[in-house]
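Chemist: Just dropping this structure here.
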Amino acid sequence: SLRMRQAISLAQGEAVTDQELLSRFKAFYESDESISRTRYDLTTERLKAVFDSQDLYFGFYENMFDRASVAALLAFIGCAVPGLDVDQKANVSKPIALPPPLAEACRTFYKWVYAYCRTEFPVSRQLWRQP
């Protein structure tokens, strides 16, 4: 999300260096906006309280575009997409190396979310590095 904001800033004529982006990272992940978007525990439980389990599909961005995940989603919604190209990448932002201390601080900040997802969504154990 932060890298996407960097790309938007660049498109609007404001160059934000990788170093500036990294200096904003802590404030970004601790912001109310980021917290509200990252509380998968709360979101999941609210959805489960409203919808029947057979009416819910949970997927992860990290594997959203592999063939098996796309097939599972299409089967869930009862739809076929002939000629779907999951290999074509669009709107890809360049990777930025996150220094280990910043990564660890973020993982620690969201530790309850990671714990919830490891229990509720076992696939997250393979998709996300363990905190």
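Chemist: Relative to 2.2 N^0.38 Å, what does the C-alpha radius of gyration of the chain come to as a ratio? Two decimals please.
Modeler: Output field value: 1.23.
Chemist: Something else now. What aspartates and glutamates does residue 48 reach when the alpha-carbon gap must be under 19 Å and sequence neighbours fewer than 8 apart in one chain are set aside?
Modeler: The qualifying aspartates and glutamates are 120.
Chemist: For region 49-131, what % of the accessible area comes from carbon and sulfur atoms, probe 1.4 Å?
Modeler: 61 percent
Chemist: Per residue, how large is the accessible surface of the chain? Use a 1.4 angstrom probe and give square angstrom. Intermediate results must be reported in sequence, preceding the final value.
Modeler: Numbers: 9450 Å² over 131 residues.
Averaged over the residues of the chain, the accessible area is 72 Å².
Chemist: Determine, from the Cβ-Cβ distance of residue 96 and residue 76 and an R0 of 35 Å, the FRET efficiency 1/(1 + (r/R0)^6), rounded to the nearest 0.05.
Modeler: Efficiency, rounded to the nearest 0.05: 0.55.
Chemist: Can you tell me which of 35-48, 54-67 comes out highest on packing, and rank the rest after it, using the mean Cβ neighbours within 10 Å?
Modeler: In decreasing order of mean packing, 35-48, 54-67 become 35-48, 54-67.
The values are calculated or read from the model by the stated rules, or taken from the named source; none is laboratory data. Given the structure is predicted, the values throughout are model-derived calculations rather than measurements. Because the Cβ atoms are built from the backbone with ideal geometry, glycine has one as well, and the counts that use them run over all protein chains shown. Quick note on the areas: whole protein, heavy atoms, side chains included, nothing else; ligands and nucleic acids left out. Shrake-Rupley method; radii C 1.70, N 1.55, O 1.52, S 1.80 Å.
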